[in-house]
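The values are calculated or read from the model by the stated rules, or taken from the named source; none is laboratory data. Bear in mind the structure is a predicted one, so any value in this text is a computation, not a measurement. Cβ atoms come from the backbone with ideal geometry, glycine included; neighbour counts cover every protein chain shown. The area values use the complete protein model at the heavy-atom level, side chains included, leaving out ligands, DNA and RNA. Shrake-Rupley method; radii C 1.70, N 1.55, O 1.52, S 1.80 Å.
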There are 4 protein chains.
Amino acid sequence: MTETAQTKLTLAQFDALFESLKNWGVWGPRDEKGTLNYITPEKIRAAAALVKTGRSVTMEIPVNTVAGPDNPNPAIYYMNTTHDVDIGSGELRFATDFLGIQFHGDCHTHIDALCHIAYKGQLYNGRPASSVTPRGALEQDITAYAHGIVGRGVLIDVPRYRGVKWLEPGVMVTAEEIEAVEAAENVRLSEGDIMVFRTGHHRRRLELGAWDPGYTGEGRAGLDPYSLALLKTRKVAAFLPDGDGETVPARVEGLLYPIHPLQITAMGLVCADSLQLEDLARVCEEEQRWEFMVVLAPLCLPRATGSPFNPIAIF
Amino acid sequence: MTETAQTKLTLAQFDALFESLKNWGVWGPRDEKGTLNYITPEKIRAAAALVKTGRSVTMEIPVNTVAGPDNPNPAIYYMNTTHDVDIGSGELRFATDFLGIQFHGDCHTHIDALCHIAYKGQLYNGRPASSVTPRGALEQDITAYAHGIVGRGVLIDVPRYRGVKWLEPGVMVTAEEIEAVEAAENVRLSEGDIMVFRTGHHRRRLELGAWDPGYTGEGRAGLDPYSLALLKTRKVAAFLPDGDGETVPARVEGLLYPIHPLQITAMGLVCADSLQLEDLARVCEEEQRWEFMVVLAPLCLPRATGSPFNPIAIF
Amino acid sequence: MTETAQTKLTLAQFDALFESLKNWGVWGPRDEKGTLNYITPEKIRAAAALVKTGRSVTMEIPVNTVAGPDNPNPAIYYMNTTHDVDIGSGELRFATDFLGIQFHGDCHTHIDALCHIAYKGQLYNGRPASSVTPRGALEQDITAYAHGIVGRGVLIDVPRYRGVKWLEPGVMVTAEEIEAVEAAENVRLSEGDIMVFRTGHHRRRLELGAWDPGYTGEGRAGLDPYSLALLKTRKVAAFLPDGDGETVPARVEGLLYPIHPLQITAMGLVCADSLQLEDLARVCEEEQRWEFMVVLAPLCLPRATGSPFNPIAIF
Amino acid sequence: MTETAQTKLTLAQFDALFESLKNWGVWGPRDEKGTLNYITPEKIRAAAALVKTGRSVTMEIPVNTVAGPDNPNPAIYYMNTTHDVDIGSGELRFATDFLGIQFHGDCHTHIDALCHIAYKGQLYNGRPASSVTPRGALEQDITAYAHGIVGRGVLIDVPRYRGVKWLEPGVMVTAEEIEAVEAAENVRLSEGDIMVFRTGHHRRRLELGAWDPGYTGEGRAGLDPYSLALLKTRKVAAFLPDGDGETVPARVEGLLYPIHPLQITAMGLVCADSLQLEDLARVCEEEQRWEFMVVLAPLCLPRATGSPFNPIAIF
């Protein structure tokens, strides 16, 4: 198992990998659902059949309003009224509030729309990057997932497999290790599955405090770019990591974040970022199973490149 | 079936009704889950068992950024970057954006926290209204639902029963009519169920355009305050209306919005507002069944009085 | 005096007018100050010499948080803390709040940066419109005015001249009428002056309520495009109207808002929008003079296309 | 001259100082202008007479959108449209944007309303702290300064006097040192003057980078609480510091920020925070005079506890 990249990929090697992962045209030239197409009604029914003990578990980090090294754009939250304000209805009162959030970044649990990433001027399916305008995206926006995403979730719990609390920043997970984790958990990522990928990122934050997970800081643990071939072969439908899937520093020359374009732009893979998987890991341990029903319900936010959300696992 | 209130309730009658509906103390003095307590693991398992055809359906109105008579606080949505901004990573680009939303009101699909409503200085369970501070709620905030709400949904489709497109503003639905709808749909609201209550509010908006649903305008269709006794008897766990459950003008003297305090403050009922039930109504018709699995995933927003959300029905 | 446009200008006529008004290159190829260059230190000294009675007057509409036909983007204003929140400093308390504002539009008093307007792909001075990026303006942003704008203000009070409370929407003011107002007020717009242009727009709003001043509504009173030749000849430095200078409907075929590109893009004229000139008009009447010192202090907001501000007149 | 507090004040001593500085009732029981009352028309005329060389200088820090140790609430700034968005008006385009700002704090130049501070449940003039509600202030809000503040500014440049670039955090300036600076600059703070107080805070930030100026960090340079007696005696009308006037750590036991309640609550002194005085200090040096006209134009923001603003000095 490779701890850190032994050899860097050149851009040419990256581009070859990009080509090999492409799902462009597979679901038609104007498809906006990408790998969500793998989730057939049958898969949803099978996912629901996993609900046995009736427990539901959040995979969201509580909305964070405190600036820090991994949160340069803290959410803003204000009360609008509290119960001491007379609303002209006798002794009845309503308290209301406001949330503002630039939800991408390393500290807000969110899902990416396919339009979020462009590589060489193109979005997934070869659509032009210019379709994301200053007023928002004209296609591949988050409303493509408006009816929610329902499927079988499989937790790939790498720290558990390794017997550590978390992977240190910079550590890279290979396809071989993913398969080893599968074996240890007695699960196998299959067509239409939602891969929940745990590096322990959030646990490290809870125990050690926030750090800068970017190139100006310590970095983060994530995937080996070549591991994505496994996800393609297995026809994984969605990817829910506790970091954002990227290893920082990355294994590619001249490209800081190679995983996102490979997953989103090449594969059309439904991706989320910055999940909180600590509750989930504990429940999987208690249940002694690493598969469960998953329901994702991003806001129906026209033109948006993603959405904050609360991903739910049901056992 | 009563079209509009024949007789007004006095405040004393309202208070008596409030007392009769109270679930205070039922689940302990510091309970923050209210009727969510009705949803046992067994109920969740039974809800999942309803997933047969593998269809999922949103119940959310797309986030609305346009001011109007029912949307005095339009959401704000801005792009932060588009793909023509160099992020220092070669030909890779990220597009990001910002959402700001005062989510209560008549045009944003949202769920209420129990702390949202106070009556006579008290929240649900007799907790002090002052626990909602200018910095947010110290208890009964929306994080009480952080792990999501999963259960059996039952659509009470009143316009379908009446053979109309929608109920006109001011029309009030009684317990008797709810029971008649149940009979017509061959369903029965039972312990732990999520009642989805359709008046056709959003369809009217789609066809006729926005109107002012408040006291300064045309009003809205909703429930008869006395109908809530039925919800209490049946131990309904959650209430998802397409308006907000209120009939405006209301049937109570000196209290503009009687339904909210009865549901939320007295009963501890999990309530949402402003759903879009048109897709759901169509799918129920196609499936010829008015029960389904429901998953609600409000944001885990500490101190908040509610959350925008995308409620999902699964068939 | 022309009440409404008798004859429409063709686009070709508009373009000829645009050419005739151009100040491009006058102050160098990379100038970002435009007509502000007319305000020499001597002009500032002369403006200060107008301060005789020591009265200062706001020209700002109070920040408006209420959506309406002329305010589709209401400002958002929330408290962050009030004095009942303990800040850990004994009996000392700080109350703080938040303002959010999309300041362009018809209801927020604001100043435009030169980059705000593009015509045929060009900003003032022939700079490329693409220099306004999705992350803000790379040149001609509002920080060009960071040190404030100080000069002699001259109120051109058209309703006073006409003996009416306000000009009705659609009414267009010609150069001849501006000269007639000057004569009536015994003032003359001269090099470096700040032209304060009153149509009574805000008074109409105060007395009749808000209306839609756009093409979907009643429109607004403003300038005749040809009147700008007078402003160019006189070397006016800044333009502060109570509407936004535009007559709606406009006198140009195929161009909804001809005044802005002529003023800002062709002339490099410092322009503001949506002032409140009712206090000023009253004070001018009391003082029996229509000239005064003006100080404009837009926020130093890097990359911005303008700023909310409180324009001040001093007598 | 005391570098740091030799002796701490007890709360009782603080309260005695508070009493001795009180201007409550001086201008009537419902006065909302405080020391602004010292600025008579004659003072404004005299201030304007200081305009000799016709230079204007900003005293604002550019709006800061980057989180940091002194900026936990960065401003949010987004484009709404750029010039590539067709607005339905031929080749004419408008670029527009949005600013959101929680303007109090240590990094945004802003002015405080008198309602901003409460001590022992009271605002300036003995008004109840509860008049600042969750929906904003019912009195003493920033609109009390709507017509702008115009007067004579006097720069008290302490680092210049000491021959240092800036005062280090924790350094406290006494009344004696203020008088020594006056002597060195040949100025004297007099009735109705605007005291501009430079510690070099912002220059230190520019040269050394941001630091935490609070109790969790290095602190900041400011005034000795006893120095305020001088400001009261001299009838200073306004106070514009480059930090916020506070010395941190402060010289009072059990009260973290003693200067604000003394200035704002006791004296009714018009106070601002976080100015950028580096341009001003340079111009004063060039002009060899430390007095000038000042114009302050806070936004007319109903209910607000302050406003972001761009303070302007004119020479």
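Working carefully through the options D:Ile76, D:Ile61, find the one that is touching a helix residue (DSSP H, G or I) at 6+ places or on another chain (Cβ under 7 Å), among the β-branched types (Val, Ile, Thr) and open to solvent by less than 60 Å² (accessible area, probe 1.4 Å).
None of the other options fit; the residue is D:Ile61.
So, C:Thr143, is that one within 30 Å of C:Thr81 (Cα to Cα), touching a residue at least 60 places away in the same chain (Cβ under 8 Å) and at the interface with chain D (Cβ under 10 Å from one of its Cβ atoms) or not?
no
Is it the case that some residue within the stretch B:153-162 is open to solvent by less than 10 Å² (accessible area, probe 1.4 Å), of a type in the set (A, V, I, L, M, F, W, C) and in contact with a Cys (Cβ under 6 Å, 6 or more places away or on another chain)?
Yes: the stretch B:153-162 contains one or more residues that are open to solvent by less than 10 Å² (accessible area, probe 1.4 Å), of a type in the set (A, V, I, L, M, F, W, C) and in contact with a Cys (Cβ under 6 Å, 6 or more places away or on another chain).
Open to solvent by 10 Å² or more (accessible area, probe 1.4 Å) and touching a residue at least 60 places away in the same chain (Cβ under 8 Å) - does that describe any residue in the stretch A:235-242?
Yes, the stretch A:235-242 contains a residue that is open to solvent by 10 Å² or more (accessible area, probe 1.4 Å) and touching a residue at least 60 places away in the same chain (Cβ under 8 Å).
Just give me the residues in the stretch D:188-200 being open to solvent by 20 Å² or more (accessible area, probe 1.4 Å) and in contact with a strand residue (DSSP E or B) (Cβ under 9 Å, 6 or more places away or on another chain), in sequence order.
Within the stretch D:188-200, D:Arg188, D:Ser190 qualify.
For a quick check of your reading of the model, give me the residue pairs whose first member lies in the stretch C:293-315 and is under 14 Å from C:Ile142 (Cβ atoms), whose second is modelled with pLDDT under 95, with beta-carbon atoms closer than 7 Å and at least 6 apart or on different chains.
Pairs found: C:Arg303/C:Arg135.
Working only within the stretch B:79-118, note down all residues that are more than 35 Å from the chain's Cα centre (by Cα) and surrounded by fewer than 24 Cβ atoms within 10 Å (Cβ to Cβ).
Scanning the stretch B:79-118 gives B:Asp84, B:Val85, B:Asp86, B:Ile87, B:Gly88, B:Ser89, B:Gly90, B:Glu91, B:Leu92, B:Phe94.
Please verify whether A:Asn125 is surrounded by fewer than 22 Cβ atoms within 10 Å (Cβ to Cβ) and either more than 14 Å from chain C (Cβ to nearest Cβ) or touching a Pro at 6+ places or on another chain (Cβ under 7 Å) (or both), treating the condition exactly as stated.
no
Here are some residues: C:Pro298, C:Pro302. Which one is open to solvent by 20 Å² or more (accessible area, probe 1.4 Å), touching a helix residue (DSSP H, G or I) at 6+ places or on another chain (Cβ under 7 Å) and within 12 Å of chain D (Cβ to nearest Cβ)?
Result of the check over C:Pro298, C:Pro302: C:Pro302.
Being charged (D, E, K, R) and within 10 Å of another protein chain (Cβ to nearest Cβ): is that true of B:Arg135 here?
When the stated conditions are applied, B:Arg135 passes them.
Only one of A:Ser130, A:Ser56 is under 30 Å from B:Phe315 (Cβ atoms) and modelled with pLDDT of 95 or more. Can you tell me which?
A:Ser56
Taking the condition free of Cβ contacts under 8 Å to residues at least 60 places away in the same chain and polar (S, T, N, Q), does C:Asn125 pass?
Taking the combined requirement at face value, the residue does not satisfy it.
Do the conditions hold for D:Val150, that is, is it over 18 Å from D:His110 (Cβ atoms), within 14 Å of chain C (Cβ to nearest Cβ), within 19 Å of the chain's Cα centre (by Cα) and open to solvent by less than 20 Å² (accessible area, probe 1.4 Å)?
Yes: the conditions hold for D:Val150.
For the stretch B:25-49, give me each residue that is at the interface with chain A (Cβ under 8 Å from one of its Cβ atoms) and in a loop (DSSP other than H, G, I, E, B).
Answer for the stretch B:25-49, where residues must be at the interface with chain A (Cβ under 8 Å from one of its Cβ atoms) and in a loop (DSSP other than H, G, I, E, B): B:Thr40, B:Ala49.
Identify the residue in the stretch A:94-105 that is out of contact with any helix residue (DSSP H, G or I) (no Cβ under 8 Å at 6 or more places or on another chain) and either modelled with pLDDT of 95 or more or facing chain B (nearest Cβ under 7 Å) (or both) and, among all such residues, is farthest from A:Ile264 (Cα to Cα).
Here the residue is A:Asp97.
Might you let me know whether the stretch B:222-232 holds any residue that is open to solvent by less than 10 Å² (accessible area, probe 1.4 Å) and closer than 19 Å to B:Met59 by Cα?
Yes, some residue in the stretch B:222-232 is open to solvent by less than 10 Å² (accessible area, probe 1.4 Å) and closer than 19 Å to B:Met59 by Cα.
Could you please let me know if C:Pro134 is open to solvent by 20 Å² or more (accessible area, probe 1.4 Å) and under 30 Å from D:Glu91 (Cβ atoms)?
Taking the combined requirement at face value, the residue does not satisfy it.
Regarding the stretch C:56-63, can at least one residue be identified that is on the phi < 0 side of the Ramachandran plot, free of Cβ contacts under 8 Å to residues at least 40 places away in the same chain and out of contact with any Pro (no Cβ under 8 Å at 6 or more places or on another chain)?
No: zero hits.
Only one of (1) of a type outside the set (D, E, K, R); (2) more than 23 Å from A:Ala221 (Cβ to Cβ); (3) more than 12 Å from every other protein chain (Cβ to nearest Cβ); (4) in contact with a helix residue (DSSP H, G or I) (Cβ under 8 Å, 6 or more places away or on another chain) fails for A:Met267. Which number is that?
Unmet condition: (2).
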